[in-house]
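Input: a single structure, listed below in structure tokens.
The values are calculated or read from the model by the stated rules, or taken from the named source; none is laboratory data. It should be emphasised that the depicted structure is a prediction, and the values quoted were computed from it without experimental measurement. Note that we place each Cβ from the backbone using ideal geometry, even for glycine, and neighbour counts take in every protein chain shown. For accessibility, only protein heavy atoms count, side chains too; no ligands or nucleic acids. Shrake-Rupley method; radii C 1.70, N 1.55, O 1.52, S 1.80 Å.
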Amino acid sequence: MTGFSAAQWTLALSEAGSADTGAEPSDWVPAMVPGTVAGALAAAGRYDPQNPQPLHDRDAWYRTEFDTEPGRYRLSFDGLATIAEVWLNGERLLESRNMFRTYEAEADLCASNRLEIRFRALAPHLDARGPRARWKPQLATSQGLRLIRTTLLGHMPGWCPEIHAVGPYRPIRLEPADTPRITDKHVLADLAPDGSATLTVSLKLENAAGTPVLSCAGSTRAMTLQEDGTWTAVLRPEDVTPWMPHTHGDPALYDVSLLVGERKFSLGRTGFRRLEVDHGADGKGFGLKVNGVSVFCRGAVWTCADLLNLSGDVDSYRALLETARDAGMNMLRIGGTMLYETRAFFDICDELGLLVWQDFQFANYDYPVKDDGFIREIRAEIRDQLARTQGCPSLAVLCGGSEIFQQGAMMGLPEARWKGPLCEEILPELAGRFRPDVPYVPNSPCGGVLPFSPEEGIAHYYGVGAYLRPLEDARRANVRFAAECLAFSNIPDQASLDAELPGVRPGHDPRWKARVPRDRGAGWDFEDVRDHYLKTLHGLDPATLRFGDPDRYLDLGRAVTGEVMEQTFAEWRRPGSSCQGALVWTFQDLAAGAGWGVVEASGRPKPACYALKRAFRPLQLSLTDEGTSGLALHVINERSREKAVTLSLDCLKDGRVPVVSGKKELLLAPHSARTLNAADLIGAFFDVTYAYRFGPPSHDVTVVRMQDAETEEILVEAFHFPPVAQSSGSSAELVAALRQDEDDVWWLDLQTDRMLRWVNIRVDPFRPSDNWFHLAPGRTRRIGLRPDPQADAGTRPAGAVSALNRAGTVAFS
């Protein structure tokens with residue numbers, strides 16, 4: 001027996017402290033395990049996740065009865081949220097005071113047994129007094145959260161719904177105590193600069209006799225028993241393919257197994273790679289090298305796959321992580337305000353070639369590091385969490401937490417007050433012991449004269465974004481690495497709003513505003529931030545537009561956050577930039593609406609996600625307006641093979657008539673980047689950026705294409721719109737033709753005779769391979785259509801295409 005059937009569990013709530021009086025609840029409902037109180041009550045129709053009720057003011061009881069062969073058994077609990085007592089057949093088995101720890105206990109079982117878990121109300125513990133804090137952040141609702149090892153999710157108004165994490169949210173396992181097993185496992189896969197691979201494994205065996213034999217990648221070795229009972233072995237497999245993030249190579253994985261007598265144990269899969277921190281020529285930067293190759297890390301900050309149930313299985317993660325991969329992301333950061341994810345998360349990231357930045361779950365607070373009991377809990381927590389990731393090549397950065405240094409510094413405290421042993425001594429020692437192959441950074445942000453200064457170390461950069469700086473600030477700030485950036489209220493597609501928020505209109509409808517993120521205590525929200533850039537970039541008054549034409553207001557809002565993201569990443573990824581990586585805040589929403597996420601809570605990409613997909617291409621062409629220095633063309637090849645391409649440039653008048661053109665052949669070396677000028681293609685002076693203003697503008701858009709030199713396939717298109725009046729596309733002809741190939745894949749072919757901006761494809765239940773893009777005349781743009789997971793087999797796509805500078809829609813079916 002390895003677990004308990006979900007149908008065997010029931011749940012009941014009672015007044016806080018009622019367990020101490022001997023009173024038992026009587027109103028029981030079915031419960032899922034692993035799962036949460038909120039999830040079970042919602043399934044029973046007693047809890048509304050859209051209007052969550054507090055759960056931390058009551059005790060929660062979980063109960064199951066089961067039959068088994070009498071004998072000695074081991075019970076394992078992978079996560080109990082948070083303060084809990086486990087009772088078996090009327091006897092207390094163990095206690096938990098830390099949501100992030102794993103527990104196990106042995107017990108003698110009868111033929112019939114009762115297992116109960118009593119989760120104590122958290123509210124009295126949050127109200128308890130602890131050591132005096134040197135600063136008090138406004139992030140969450142209770143200062144007592146710094147004393148309790150639980151997630152901040154559900155406690156941050158304006159950030160996420162107040163769904164409290166209560167219950168056995170990770171699996172519970174039951175097995176005979178004499179079952180053979182592996183403990184104290186350490187797996188270290190390394191790749192030397194000369195390409196040679198080494199696998200070092202140490203472990204202990206219980207209830208298994210014989211000499212274990214370790215195997216990986218065609219190499220086998222008998223392990224050696226040490227004096228402390230640990231078995232060790234070092235393998236040196238030959239001809240392995242190094243593990244690389246998917247943007248730069250192949251995320252190659254190899255099975256690791258152990259044979260003890262006739263019994264075979266799986267140690268999971270691993271990849272051979274080497275991580276190095278690149279501080280730049282001046283020693284003030286931060287970046288990663290993987291196997292000696294500099295990697296521009298880009299992606300987003302992960303939130304939670306399932307806030308209601310806190311699910312941690314493969315099915316909960318896979319579709320979301322594949323969306324991240326398909327968007328060109330190569331790094332996800334698990335922030336200190338979130339939750340440790342399961343081994344399944346890392347296994348999928350290993351497979352997909354996604355790097356993971358893992359914050360330990362500490363954020364903003366002044367934690368009681370002089371409390372010996374608190375430190376013992378932390379040490380056990382980090383040990384348990386890092387044990388889950390042994391051998392996972394995707395784990396790329398370990399970080400002491402989020403905004404602890406920044407919070408103290410912004411309160412005006414000297415460095416000696418906000419730095420301390422938690423992030424500087426305790427956590428790095430544990431990280432080095434359990435994952436010596438992974439770089440450690442003390443906090444995010446950190447570095448510089450102040451920990452939040454963007455020009456040194458790691459930044460949380462919101463100059464472009466919350467602080468309403470012009471787009472040029474992305475270069476002026478000299479950002480080195482942005483572990484957070486570009487937070488906006490990102491609007492989903494209209495079909496999603498109609499389905500999930502019917503009848504809710506943008507503006508000051510409280511149902512709309514409830515889904516717009518904001519910092520607690522601030523007099524503005526992130527819709528105000530989006531509106532600022534709408535006005536700045538498009539010269540329109542958001543309030544007037546919102547009241548007068550709410551549909552256009554939403555469409556322009558969808559376009560503008562993606563526009564800002566594309567331009568900012570074009571700046572940061574250019575060869576001359578100081579930036580070595582940036583992660584958008586955040587990856588996915590926690591509720592339906594215009595949240596921070598670039599992916600909806602349902603898992604569907606928002607318009608901003610498509611913009612990032614274009615900005616994150618490994619084979620990339622981007623443009624920056626350098627004023628009187630002309631138009632810069634930045635060409636990037638992050639792949640491991642050289643690529644022969646042709647660059648072509650056309651400046652169009654009225655969005656369709658070429659007035660000047662140019663072309664250049666290039667051979668792009670592996671892992672290379674270079675910058676050209678438009679004049680390199682044209683061969684003469686032409687005021688592409690309209691910086692000199694010699695007379696009226698001669699064009700209103702520049703289209704630059706990168707084509708495969710052999711097949712002439714268009715690989716990338718980039719656009720520059722000079723600061724002149726843009727021609728209307730209202731009279732443009734737009735043709736949409738639906739096709740199905742021999743593999744039953746659906747495609748949509750689009751053509752226009754005039755430049756169209758922000759073309760929107762509405763096609764449910766399908767997802768287009770690109771959306772909210774510009775469409776140039778003179779070519780057919782082919783868009784793949786992939787059915788949503790819930791789509792019925794054989795469904796034929798049907799929908800409509802529109803553009804922001806063209807009236808009306810074109811239907812297809």
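Annotation note: Cβ proximity below 7 Å between a residue of segment 245-267 that is touching a residue at least 40 places away in the same chain (Cβ under 8 Å) and among the small types (G, A, S) and a residue that is surrounded by fewer than 21 Cβ atoms within 10 Å (Cβ to Cβ) and part of a strand (DSSP E or B) (sequence gap 6+ or interchain) occurs for S257/S215; S257/K264; S257/F265; S257/S266; S257/L267.
Per the listing G144, G79, the residue uniquely buried (at least 16 other Cβ atoms within 10 Å of the Cβ) and closer than 20 Å to I375 by Cβ is G144.
Among the residues making up segment 363-385, those that are of a type in the set (A, V, I, L, M, F, W, C), open to solvent by less than 10 Å² (accessible area, probe 1.4 Å) and touching a Leu at 6+ places or on another chain (Cβ under 7 Å) are A363, I382.
Which of the residues spanning segment 576-587 are under 15 Å from R298 (Cα atoms) and not β-branched (V, I, T)? The answer is S577, S578, C579, Q580, G581, A582, L583, W585, F587.
The set of residues from segment 758-785 being free of Cβ contacts under 8 Å to residues at least 60 places away in the same chain, touching a Gly at 6+ places or on another chain (Cβ under 8 Å) and farther than 18 Å from A327 by Cβ comprises just one member, V763. Taking residues in segment 50-69 that are closer than 22 Å to D20 by Cβ, and partners anywhere that are open to solvent by 60 Å² or more (accessible area, probe 1.4 Å) and acidic (D, E), the pairs with Cβ atoms closer than 9 Å and at least 6 places apart or on different chains are P54/E162; D57/E15; R58/E15; D59/E15; W61/E24.
The combined condition, being in contact (Cβ under 8 Å) with a residue 12 or more places away in the chain, under 27 Å from the mean Cα position of the chain (by Cα) and within 30 Å of G299 (Cβ to Cβ), is fulfilled by L623. Somewhere in segment 534-544, is a residue more than 25 Å from the chain's Cα centre (by Cα) and charged (D, E, K, R)? Within segment 534-544, one or more residues are more than 25 Å from the chain's Cα centre (by Cα) and charged (D, E, K, R). Checking each residue in segment 150-163 for being surrounded by 24 or more Cβ atoms within 10 Å (Cβ to Cβ), of a type outside the set (S, T, N, Q) and out of contact with any helix residue (DSSP H, G or I) (no Cβ under 7 Å at 6 or more places or on another chain) picks out only G154.
Residue-level check: of (1) open to solvent by 30 Å² or more (accessible area, probe 1.4 Å); (2) among the charged types (D, E, K, R); (3) part of a strand (DSSP E or B), E742 misses just (3).
Looking at segment 768-798 only, could you name the residues that are in contact with a helix residue (DSSP H, G or I) (Cβ under 9 Å, 6 or more places away or on another chain) and either part of a strand (DSSP E or B) or surrounded by fewer than 18 Cβ atoms within 10 Å (Cβ to Cβ) (or both)? Walk me through how you get there before you give the answer.
We begin by selecting, within segment 768-798, every residue in contact with a helix residue (DSSP H, G or I) (Cβ under 9 Å, 6 or more places away or on another chain); these are 768-773, 789.
Within segment 768-798, P768, S769, D770, F773, P789 meet the criteria.
Among the residues of segment 711-739, those identified as under 16 Å from F773 (Cα atoms) and either at pLDDT 95 or above or among the β-branched types (V, I, T) (or both) are I714, L715, V716, E717, A718, F719, H720, F721, L734, V735, A736. Condition (residue is aromatic (F, W, Y), crowded, with 21+ Cβ neighbours inside 10 Å, modelled with pLDDT of 95 or more and touching a strand residue (DSSP E or B) at 6+ places or on another chain (Cβ under 6 Å)) applied to segment 548-556: is it met by at least one residue? No.
Okay, residues lined up against (1) part of a helix (DSSP H, G or I); (2) touching a Leu at 6+ places or on another chain (Cβ under 9 Å); (3) free of Cβ contacts under 8 Å to residues at least 12 places away in the same chain:
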| position | (1), (2), (3) |
| --- | --- |
| A409 | yes, yes, no |
| L413 | no, no, no |
| E429 | yes, no, yes |
| P454 | no, no, no |
| V464 | no, yes, no |
| P470 | no, no, no |
| R475 | yes, no, no |
| E484 | no, yes, no |
| S489 | no, no, no |
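Applying the criterion of being over 23 Å from L715 (Cα atoms) and in contact with a Cys (Cβ under 8 Å, 6 or more places away or on another chain) to the residues of segment 648-695, the residue that is surrounded by the most Cβ atoms within 10 Å (Cβ to Cβ) is F686. Is it true that A23 is of a type in the set (G, A, S) and either buried (at least 16 other Cβ atoms within 10 Å of the Cβ) or at pLDDT 95 or above (or both)? Answer is no for this residue. Considering segment 230-249, and only residues there that are open to solvent by 50 Å² or more (accessible area, probe 1.4 Å) and out of contact with any strand residue (DSSP E or B) (no Cβ under 8 Å at 6 or more places or on another chain), the residue that is farthest from V295 (Cα to Cα) turns out to be D239. Kindly check whether there is at least one residue in segment 604-622 that is closer than 30 Å to L554 by Cα, open to solvent by 10 Å² or more (accessible area, probe 1.4 Å), touching a His at 6+ places or on another chain (Cβ under 7 Å) and not in a helix (DSSP H, G or I). The answer is yes, given that some residue of segment 604-622 is closer than 30 Å to L554 by Cα, open to solvent by 10 Å² or more (accessible area, probe 1.4 Å), touching a His at 6+ places or on another chain (Cβ under 7 Å) and not in a helix (DSSP H, G or I).
Restricting to segment 491-510, name every residue that is among the charged types (D, E, K, R) and either in a loop (DSSP other than H, G, I, E, B) or without any contact (Cβ under 8 Å) to a residue 12 or more places away in the chain (or both). Before the answer, list the steps.
Looking only at segment 491-510, we keep the residues that are among the charged types (D, E, K, R), and these are 493, 498, 500, 505, 509.
Within segment 491-510, D493, D498, R505, D509 qualify.
Within segment 284-314, the residues that satisfy the criterion of being under 23 Å from S402 (Cβ atoms), outside any loop (DSSP other than H, G, I, E, B) and of a type in the set (V, I, T) are V295, V301.
Given the structure, is T270 modelled with pLDDT of 95 or more, crowded, with 16+ Cβ neighbours inside 10 Å and out of contact with any Pro (no Cβ under 6 Å at 6 or more places or on another chain)? Break it down stepwise before answering.
Working: modelled with pLDDT of 95 or more: yes; crowded, with 16+ Cβ neighbours inside 10 Å: yes; out of contact with any Pro (no Cβ under 6 Å at 6 or more places or on another chain): yes.
Answer is yes for this residue.
Of all residues in segment 525-542, those that are more than 15 Å from G562 (Cβ to Cβ) have Cβ atoms under 7 Å from Cβ atoms of residues that are open to solvent by 50 Å² or more (accessible area, probe 1.4 Å) and in a helix (DSSP H, G or I), 6 or more apart or on another chain, in D541/K535; P542/K535.
Considering segment 624-645, and only residues there that are closer than 25 Å to G249 by Cβ and assigned to a strand (DSSP E or B), the residue that is most open to solvent (accessible area, probe 1.4 Å) turns out to be K643.
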